[in-house]
1. Looking at the range 41-55 only, could you name the residues that are open to solvent by less than 10 Å² (accessible area, probe 1.4 Å) and aliphatic (A, V, I, L, M)?
2. Can you pull out the residues in the range 26-40 that are open to solvent by 60 Å² or more (accessible area, probe 1.4 Å), in contact (Cβ under 8 Å) with a residue 60 or more places away in the chain and of a type in the set (D, E, K, R)?
3. Looking only at the range 88-119, count every residue that is at pLDDT 75 or above and open to solvent by 70 Å² or more (accessible area, probe 1.4 Å) and tell me the total.
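The values are calculated or read from the model by the stated rules, or taken from the named source; none is laboratory data. Just so we're clear, the structure is a prediction, and the values are computed from it rather than from any experiment. Backbone-built Cβ (ideal geometry, glycine too); neighbour counts: all protein chains shown. Heads up: the accessible areas ignore ligands, DNA and RNA and are worked out on the full protein's heavy atoms, side chains in. Shrake-Rupley method; radii C 1.70, N 1.55, O 1.52, S 1.80 Å.
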Amino acid sequence: LLGLIYKLATMKKIMKPGRVVILLAGRRAGKKAVIVKQFDEGKKGKAFPHALVAGVERAPLKVAKKMSKKKIQRRSTLKPFVKIVNYNHILPTRFLVTGEFAAKEGSELKTVVTEDKYSNKESRKNLKKEVKAIFTERYNAPEPDNEKQPAVDFFFKKLRF
């Protein structure tokens, strides 16, 4: 019993900002998201552990070289979402994103997605537009081949199973 208590006390927390997760329940089940902020102990209105996530509801489609610019533009669009999710309803993956995606202090996503903006219905619409701009910019301007990030590639691909 003492060993189990020690093991639980020393376990690393994996639900950290920047972790790519898969949502398991609700309308967006099977969709990928990035943890922006985590609440391990819960808070006053929600007494359970939860996380504020930003994700891709509709992933971009494949494009080919022979397609027109207009078609490539249309197929490269994505639809974002921002949501507060219970830890029981998310599956963490091995991927951690970095750069403007990673919700480290001072990063773009961390400053854009906040609880205050999410709580207000009018500001939530603008929040989605800002998140879409960040995701689209990251998708359209990938890293050079020598600095390829498998986490970002995984994030923008449709989940197949």
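1. Let us first name the residues in the range 41-55 that are open to solvent by less than 10 Å² (accessible area, probe 1.4 Å), namely 50-55.
Within the range 41-55, Ala51, Leu52, Val53, Ala54 qualify.
2. Lys31, Lys37
3. 6
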